[in-house]
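Read the figures in this text as sums done on the coordinates, not as results from a lab. Small disclaimer: the values here were computed from a predicted structure and weren't measured. Virtual Cβ from ideal backbone geometry, glycine too; neighbours counted across all protein chains shown.
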Amino acid sequence: MYFTKQLKRIFNEPTLFITLLAVWLLLGVFVIYPIVMVAITSLKDYSGHFSWNTYKMLFTKVYFRRPLINSLKLGATVASIGTVVGFIFAFAITRVNIPGKKIFTTVATFPIVSPPFVIALAAILLFGRNGVITHDILKDSLKIDIYGFGGLSLVETLAYFPTAFLSLEGILRSINPALEEASLSMGYSKWRTFWKVTFPLSMPGIFSAWLLVFAQSMADFGNPMIISGNYQVLSVAAYLEITGSFNLSTGSGLAILLLVPTIVAFTLQKYWLSKKSYVTVTGKPSSMGILEPKKSVKALFTVILLIFTATILMFYGTVFYGSFTKLWGVNHTLSLENYKFVFDVGLEYIKDTIILAAIATPISGILGMLIAYLVARKEFPGRRFTEATSLLTFAIPGTVVGIGYLLSFNNKPFVLTGTAAIIILIFIFRNLPVGVQNGVAALEQIDKSIEEASLDMGASSATTFWKVTLPLITPAFFSGLFFTFVKSMTAISAVIFVVSGSWNLVTVAILGSVENSDLAQAAAYSYVLIFIVIIMMFLLRMLTYRFSYERKIAR
Amino acid sequence: MGKFKEVLGVKKATLLLLGVLILATLVISAPVLHMYTALDVNEAKIYIEAFEKATGIKVDWVRMSSGEVLARLEAERNNPRASIWFGGPAVDQIAAKNKGLLEPYKSPNAWSLDLAFKDYDGYWTGFYLGVIGFASNTKQLEELGVEAPTSWQDLLKPEFKGRISVAYPYTSGTSYTILAGLIALMGEDEAFDYYKKLNKQIHHYNKSGSACVTQVGLGEVTVGIAFAHDVIKKGVSKGYPVKLTVPEDGTSYEIGAMSVIKGGPEPELAHKFIDWMLTAEAQSLMKNWYRVPLNPDAEVVEGAVKITDVNVIPLDFVYFGQQKDRLIERWKTEIQYGD
């Protein structure tokens with residue numbers, strides 16, 4: 001029988017068996033349990049009795065439907081534009097010989113390395129009612145209202161297209177150019193080669209990028225909090241219900257409503273992707289730069305990249321300038337006061353944030369790769385479920401993860417609130433999906449036969465993982481690490497529920513400043529954070545190069 | 001043998017992971033006072049640093065709007081992480097008291113306080129007074145050709161349509177104080193009718209009560225409704241083109257309060273903080289934020305709006321503390337999510 005055969009295979013490999021058990025235990029306690037708590041809470045009324053009231057309300061009252069429709073519309077818009085832009089960036093960086101790649105790449109990662117609400121703030125400074133562009137340059141000639149759907153789409157696209165870019169960059173890099181070369185040498189044009197070879201091969205990447213951006217947009221609450229005006233989205237509605245009124249049941253209900261579309265999208269992707277095979281790296285070394293387009297196309301790429309890069313620079317430049325002004329909007333005398341404030345008052349926050357993120361990052365990265373490996377390479381009962389679970393925290397708005405942790409780990413047997421551990425755990429499991437998804441996407445590109453060869457020659461699963469698989473997915477691993485670190489440094493929505501006086505975070509301080517419109521302070525904080533993250537980015541890029549497969553082959 | 005080594009390699013990595021996790025959990029800080037404060041970050045640190053200096057007790061604090069503090073206390077009911085709730089209107093602390101989230105403490109330094117400014121049983125203790133006012137952007141008033149609003153009805157002027165901001169009454173103590181004041185002034189149904197009209201004038205809602213002041217200063221909105229001390233501190237005194245007016249037909253007010261959280265880890269330190277905060281030196285620090293202290297020996301800064309200077313609506317804080325959940329629910333149904 002299939003099932004018993006599978007079980008037998010697992011028992012034959014004790015390491016695998018123990019690892020699986022450990023992974024299941026971790027996912028069970030830190031991913032499923034908090035969510036179950038939220039689900040249970042959504043089914044309770046005030047007095048703690050079972051009740052469908054929350055859900056009845058969700059469907060009978062228009063005010064719960066409106067945020068759902070708003071969120072879906074926003075998510076789809078941002079994901080579509082973001083993926084297209086991200087792909088253009090990734091293609092230009094990996095395939096087209098244009099100048100200034102490093103600058104484009106660095107600038108495009110700004111939105112990732114900064115807390116998202118910085119972009120919303122820049123948008124207000126530039127396009128608000130009293131904005132630099134709308135008021136000072138256009139003299140109010142255009143009736144632009146940055147608050148609402150349009151403004152949110154702009155801000156979230158800028159904030160999240162880099163996610164698509166980074167993940168697609170990895171995918172495009174791992175497509176073996178030999179295939180493109182073959183297509184070219186067989187007489188296909190570059191254009192056709194792109195559509196028939198490169199594009200289909202990057203399809204899983206494109207789809208997963210779309211999903212990443214979609215999920216981010218759905219769960220985003222920093223930007224909508226600041227700039228949504230009266231365009232009410234689910235995450236904000238849920239957040240306000242929970243933090244403002246302690247309506248845990250309604251908030252949880254809204255969050256579960258937020259979860260459904262994400263899970264549907266996820267299932268679709270899995271079903272659709274599983275029908276195709278995308279093996280291209282077959283143990284041969286890879287190089288890059290084959291599909292060099294015509295000059296006119298190259299110029300077009302350059303222009304698109306320039307426009308987006310200039311926009312980002314303008315946004316960040318405005319905030320940067322703002323961080324040195326005495327009082328934004330009134331007194332633009334330059335001073336270092338805000339930075340002095342950050343280092344006087346915020347130094348402890350900065351220290352705490354770095355420590356917590358630095359602890360969480362490697363754990364999350366290794367765990368992520370391990371799960372990716374198990375899921376993509378091993379046959380065991382509940383494989384799909386394991387993957388889905390590991391990706392779950394991504395689909396759930398941070399607010400609900402935060403509340404879930406608060407509900408779950410505030411009572412015996414797990415009393416964790418108020419400790420560093422709860423923040424670290426949130427960082428680890430919130431960011432796990434990035435590692436898993438990167439790992440799975442990378443593994444799907446690598447032919448199983450390489451590992452099979454290792455297994456056939458007598459190496460164990462563990463040996464194969466450490467010696468064969470891991471080096472092959474190193475770029476994905478490091479980009480996962482980078483992501484985890486950055487996301488931990490800039491996380492807010494989940495951790496805001498569990499920060500304590502003893503362990504505080506820069507983002508919480510920024511949110512405080514932002515809430516009070518102390519923009520210059522928030523800007524200074526953000527720039528300190530950005531600076532730290534950029535240092536990390538260069539470190540990790542260096543490491544990636546050191547450990548990457550390509551270099552080993554080159555040696 | 002090779003296989004064994006590799007397995008060992010995995011174990012080593014796992015052990016390392018576990019080690020890091022355990023280490024992380026073991027990083028325990030020295031005993032300190034854990035605090036939730038609803039005061040502005042920049043203001044809270046003035047008192048906290050002075051307290052640390054005066055007593056040698058370290059304070060670990062988190063800033064949240066008072067509605068959020070209340071929500072947090074409810075969430076942490078079985079395992080409270082903080083010992084003191086510092087700042088924010090007494091109404092919210094009365095709501096917390098009614099939910100059984102606070103424990104009484106009668107500070108010896110509070111004996112001289114009028115009974116209106118503290119809880120009879122000591123569940124909360126007031127330390128300042130604040131009145132609600134309007135912040136208006138003077139440049140935009142000029143452009144629009146209107147005077148700064150001086151009554152609640154003025155806010156309904158067509159010129160102000162889409163140009164007012166205020167906070168959600170459930171996240172913000174400021175905003176709940178406004179709602180309570182309107183109800184006391186007009187009667188509940190009339191107040192909600194008024195708010196429905198006001199809602200049409202509102203550009204957006206904030207989470208924090210004082211956030212609208214800077215928005216007015218920056219010109220994002222023309223008028224904001226907030227506490228007078230926040231308007232002066234964050235608007236006028238900073239150099240923004242902001243003008244403060246107080247509704248002449250009657251304005252709402254708060255008693256800013258502090259309370260001891262039930263079952264918090266360090267009640268004695270919380271008591272010490274409350275004692276200290278009621279002293280004249282501590283209360284005099286409030287001049288930095290244009291607040292009006294309750295200790296008669298404390299300095300009052302010039303420009304601060306005293307309760308005797310304006311037309312204040314008498315408020316039954318106990319009633320509004322008890323009715324908070326119901327009034328908020330009504331506000332959400334009829335205003336925020338109404339048509």
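If a helix is a whole DSSP H run, which ones in chain B reach 27 Å or further along their own axis (Cα) and hold a mean Kyte-Doolittle hydropathy of at least -1.0?
B:2-26
Report, in debye and to the nearest 20, how large the dipole of the range B:35-92 comes out about its Cα centre when Lys and Arg carry +1 and Asp and Glu carry -1 on their Cβ.
180 debye
Where the centre of each part is set by its Cα atoms, how far does the range A:78-125 sit from the range A:331-406, in angstrom?
When both Cα centres are located, 21 Å separates them.
What fraction of the DSSP beta bridges in the protein assembly as shown is antiparallel, stated in percent and rounded to the nearest 5? Intermediate results must be reported in sequence, preceding the final value.
On the way: 27 of 43 bridges.
The antiparallel proportion sits near 65 percent.
Distances over 19 Å make up what percent of all Cα-Cα pairs in the range B:39-177?
That tail contains 64 percent of the Cα-Cα pairs.
Span-like helices, chain A: DSSP H, alpha-carbon axial extent 20 Å or more, mean Kyte-Doolittle 0.5 or greater, which ones?
Helices passing the filter in chain A: A:62-95, A:149-174, A:199-219, A:248-273, A:295-324, A:347-377, A:420-444, A:474-490, A:519-547.
Write down, largest first, the equivalent ellipsoid semi-axes of the range A:62-325 in whole Å, where each equals the square root of 5 times an eigenvalue of the alpha-carbon gyration tensor.
Square roots of five times the eigenvalues give 36, 26, 14 Å.
Counting other C-beta atoms within 10 Å, which of A:ARG66, B:ARG291, A:ARG384, B:ARG163 has the fewest, and how do the rest follow?
A:ARG384, A:ARG66, B:ARG163, B:ARG291
For the range A:466-523, what's the radius of gyration and Dmax over Cα atoms, in angstrom?
16.7, 52
Calculate, for A:ILE355 and A:GLU452, the FRET efficiency according to 1/(1 + (r/R0)^6) with r their C-beta to C-beta distance and R0 45 Å; round to the nearest 0.05.
0.60
Give, in whole angstrom and from largest to smallest, the semi-axes √(5λ) of the equivalent ellipsoid of the range B:233-303, with λ running over the eigenvalues of the Cα gyration tensor.
The answer is 30, 16, 13 Å, longest axis first.
Can you give me the distance in nm between label points at B:TYR120 and B:ASN311, each placed 7 Å from the Cα along the Cα-to-Cβ direction?
Those two pseudo-labels are separated by 3.2 nm.
What do you get for chymotrypsin sites (Phe, Trp or Tyr not before Pro) in the range A:47-104 restricted to DSSP loop and a cutoff of at most 12 other Cβ within 10 Å of the site's Cβ?
Qualifying residues, ordered by number: A:TRP52.
Sticking to Cα atoms, compute the Rg of the range A:340-400 to one decimal and its Dmax as the biggest Cα-Cα distance, whole number, in Å.
Just the Cα atoms of the range A:340-400 yield Rg and Dmax of 17.5, 56 Å.
Length gain on complete extension for the stretch A:ASN331 to A:LYS56, per 0.36 nm per residue less the alpha carbon to alpha carbon distance? Don't skip to the answer; put the middle values down first.
Values: separation 275, 0.36 × 275 = 99.00 nm, distance 5.23 nm.
Roughly 93.8 nm would be gained on extension.
Take the Cα pairs of chain A, get the Kirkwood Rh, then feed it into Stokes-Einstein at 10 °C and 1.306 mPa s and tell me D in µm²/s. Provide the component values of the computation, followed by the final result.
Working: Rh = 24.5 Å.
My calculation gives 65 µm²/s for D.
Which three semi-axes in whole Å describe the equivalent ellipsoid of chain B, each the square root of 5 times a Cα gyration tensor eigenvalue, listed largest first?
Equivalent ellipsoid semi-axes, largest first: 39, 26, 20 Å.
Quote the relative contact order of the range A:62-325 in percent (integer), defining contacts as alpha-carbon pairs under 8 Å separated by 6+ residues.
Taking the mean separation of contacting Cα pairs over the length of the range A:62-325, I get 33 percent.
Helix-derived [θ] at 222 nm for chain A: sum -39500 (n - 2.57) over DSSP H runs of at least 4, divide by residue count, nearest 500?
Value at 222 nm, helices only, nearest 500: -23000 deg cm²/dmol.
Taking a point 7 angstrom from the Cα of B:GLU142 along the C-beta vector, which residues in the range B:200-219 have backbone N less than 15 Å away?
B:219
What number, in percent, do you get for the relative contact order of chain A if the mean sequence gap of Cα pairs under 8 Å and at least 6 apart is divided by its residue count? Present the calculation step by step, with values, prior to reporting the outcome.
Values: 783 pairs, mean separation 114.8, N = 555.
Result for chain A is 21 percent.
Rounding to the nearest 20 debye, state how big the charge dipole of the range A:62-325 is about its Cα centre with +1 on each Lys and Arg Cβ and -1 on each Asp and Glu Cβ.
Taking the Cα centre of the range A:62-325 as origin, the dipole is about 840 debye.
How many angstrom lie between the Cα centre of the range B:320-339 and the Cα centre of the range B:101-146?
22 Å
Just the C-alpha atoms of the range A:396-548: what Rg/Rh do they give, with Rh taken as the Kirkwood radius?
1.09
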